[in-house]
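Structure record follows, encoded as structure tokens.
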Amino acid sequence: QNADALAADILRHSRSGKKIVLAGASSAGPAIHLALGERLSEHERGAVKAWLNLGGILQGSPLLDRFQGAPQRWLLDAVAWFKGWDRNAILSMTTRVSRARFSRLRIDSGVLVINYLGIPLSGQLSKYSSDKYPWLLADGPNDGLTLLTDVMAPNSLTVVALGSDHFFAEDPR
């Protein structure tokens, strides 16, 4: 749904003749990737000149994978219901679903893609990721929500924020 809404906005703004730079953080990353890679034709996305991917969870979060079996799934369902979250939207960010989506998407080389990637050490975690980071250590280097390699879009440039985690919350201001 987010990719469809974004594609519609891109089409609307592209008619003005202005160039578009997209910026999206975390779960916006897969929506932008899907809009550019599948929801818009090459001509329709022609006004998009760049995408700034701020820690986009492009290939999903292994944390969500841990909540797929019982009884953890019941906990996820209860939290989603209580908070009013769309359960299917959450499940679309599991690694199985996300990696399948990621592998089929291609973005025109005319779109400059820049990843902004937080790379924390274990002593540099914000209060938002300090409890999640250890769960992912066995899977590899992570930002407290997803694996570092799973944040990077293909054929892109990457800027790293050493000492930042997924939430870029090291600066209280």
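The values are calculated or read from the model by the stated rules, or taken from the named source; none is laboratory data. Quick caveat, the model's predicted, so the values are computed rather than measured. We place every Cβ from the backbone using ideal geometry, glycine too, and count neighbours over all the protein chains shown. Protein only, heavy atoms only, side chains kept; ligands, DNA and RNA dropped before computing areas. Shrake-Rupley method; radii C 1.70, N 1.55, O 1.52, S 1.80 Å.
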key: Positive minus negative residues near Ser103 (Lys, Arg vs Asp, Glu; Cβ under 13 Å)   = +3
message = Compute the distance from the alpha-carbon center of the range 110-127 to that of the range 6-74, in whole Å.
response = 17 Å
query = What accessible area per residue, rounded to a whole number of Å², is obtained for the chain using a probe radius of 1.4 Å?
reply = 56 Å²
inquiry  = Explain nothing, just compute: Karplus ³J(HN,Hα) = 6.51 cos²θ - 1.76 cosθ + 1.60, θ = phi - 60°, for every residue of the range 35-41 in order, whole Hz, x for Gly and Pro.
reply    = 4, 6, x, 9, 7, 10, 6
query = the range 4-88: D in µm²/s via Stokes-Einstein (Kirkwood Rh, Cα pairs, 25 °C, 0.890 mPa s)?
reply = 166 µm²/s
key: All lysines inside 27 Å of Lys132 as judged from Cα atoms, apart from same-chain residues fewer than 8 positions distant   = Lys83
request  = Give me the percent of the accessible area of the range 45-90 that comes from carbon and sulfur atoms, probe 1.4 Å, all protein chains in place.
outcome  = 65 percent
ask   = Based on the Cα gyration tensor of the chain, what are the three equivalent ellipsoid semi-axes, each the root of five times an eigenvalue, rounded to whole Å and given largest first?
value = 28, 20, 14
query = How would you rank 110-119, 144-153, 55-64, highest first, on the average number of other Cβ atoms within 10 Å across their residues?
reply = 55-64, 144-153, 110-119
query = Given H placed on each backbone N at 1.01 Å, which residues far from Trp51 in sequence or on other chains put an amide H within less than 5 Å of it?
reply = Leu22, Leu112, Val113, Ile114
request  = Give the percent of DSSP beta bridges with both residues in the chain that are antiparallel, rounded to the nearest 5.
outcome  = 5 percent
remark   = In terms of the alpha carbon gyration tensor, root eigenvalues a ≥ b ≥ c, rounded if a/c is under 1.5 and otherwise prolate when a/b exceeds b/c or oblate, the range 59-142 is oblate
